[in-house]
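Beneath this line is the structure, given in structure tokens, with notes to follow.
What follows is calculated from the coordinates using simple rules that are stated; it is not laboratory data. Everything quoted here is computed from the prediction, not taken from an experiment. Cβ sites come from the backbone with ideal geometry, for glycine too, and all protein chains shown count toward neighbours.
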Amino acid sequence: MSLINYSSREINCKIVYYGPGLGGKTTNIQYVYDRLNPDTKGKLVTLATEMDRTLFFDFLPLELGTVKGFKTRFHLYTVPGQVYYNASRKLILRGVDGLVFVADSDECRIDANIESLYNLYDNLDEHNLDLKDIPLILQWNKRDVPGALPVEELETELNPQGFTSFEAVAVKGTGVFDTLKCVSKEVLHRLQN
């Protein structure tokens, strides 16, 4: 849930990147961080193991101008990709305003995508959160890998509800800002309503 500070005229929104391990969640946030003007971003905090896997989250406060006289700041988080860190995943979802599910397009990762997506739905249920109230954008990442599943198959397997989706190659930045702009716009739209 967005935090509104009336005295400082600031709205803080939380966007969580969710998905399987090594699917590109951290790569998305790192790409955004590297390309933004230093005046519009905070410090990027990454907690990783020696094997460069995010254990808890990345956090990037991002200022995107004003809405009805309030300065708007988005806080981007990732969850750990490994489902056995589920307690951390649940904690990071608390207070979420928008979601990006980053799916790995590699054919051999379809089961990991499905497991992570079901885990997302279960964790949303535990927080009594409904996707009718929280925007969810799906990102089909790693479109450049040999053996990438066709988008139609990813849509059938992972997106039967028809949420907005984008193709991406996060390491090159393809689709990264499109995804972020879409989820941010949806969050702001719901805030205004």
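At a glance:
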read-out	value
For region 62-189: rounded, prolate or oblate by the Cα gyration tensor [a/c cutoff 1.5]	oblate
Residues in region 117-160 reached by a label modelled at residue 107 [backbone nitrogen below 20 Å; 7 Å Cα→Cβ]	140-159
Region 117-193 - percent relative contact order, Cα under 8 Å, separation 6 or more	33
Length-normalised contact order of region 3-192 in % [C-alpha pairs under 8 Å, at least 6 apart]	24
Peptides 39-45, 169-175 ordered by average Cβ neighbours within 10 Å, highest first	169-175, 39-45
Proximal lysines to residue 185, defined as alpha-carbon separation beneath 21 angstrom and excluding residues fewer than eight positions away on the same chain	14, 25, 41, 68, 71, 132
Ranked packing of 73-81, 118-126, 178-186, most packed first, by mean Cβ within 10 Å	73-81, 178-186, 118-126
